[in-house]
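Just so it is clear, none of the values below were taken in a lab; they were calculated from the coordinates. Every value quoted in this text rests on a predicted model; they were computed, and no experiment measured them. Note that each Cβ is placed from the backbone with ideal geometry, even for glycine, and that neighbours are counted across all protein chains shown.
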Amino acid sequence: MNLNLRNAIIHNVSGNDQAQLKDTIVDAIQRGEEKMLPGLGVLFEVIWNHADEQEKNMMLETLEEGLKQ
């Protein structure tokens, strides 16, 4: 079976509104299950690919600050 995980994840959330996307993200983080990490990674990839340079810099600053804690 040739499963493209990235496409499956995108297909599963396509058409979701902001509230549904937030619920998906919050649920994945709260569960803390390793199997949820690829999905969060795909969602981050979508965000990154659609962000301008200023938004990317803000994400990097936020990430850097979060990793210092």
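Just a yes or no: is a residue in the range 21-29 out of contact with any helix residue (DSSP H, G or I) (no Cβ under 7 Å at 6 or more places or on another chain), free of Cβ contacts under 8 Å to residues at least 24 places away in the same chain and of a type in the set (Ser, Thr, Tyr)? The answer is no, given that none of the residues of the range 21-29 is out of contact with any helix residue (DSSP H, G or I) (no Cβ under 7 Å at 6 or more places or on another chain), free of Cβ contacts under 8 Å to residues at least 24 places away in the same chain and of a type in the set (Ser, Thr, Tyr). State all residues of the range 27-54 that are farther than 18 Å from Val13 by Cα and either touching a strand residue (DSSP E or B) at 6+ places or on another chain (Cβ under 9 Å) or surrounded by 13 or more Cβ atoms within 10 Å (Cβ to Cβ) (or both); if no residue qualifies, say none. Hit for the range 27-54 is Ala51, nothing else. Tell me, yes or no, whether the range 41-48 has at least one residue that is within 23 Å of Arg6 (Cβ to Cβ), without any contact (Cβ under 8 Å) to a residue 60 or more places away in the chain and not in a helix (DSSP H, G or I). No, that holds for no residue.
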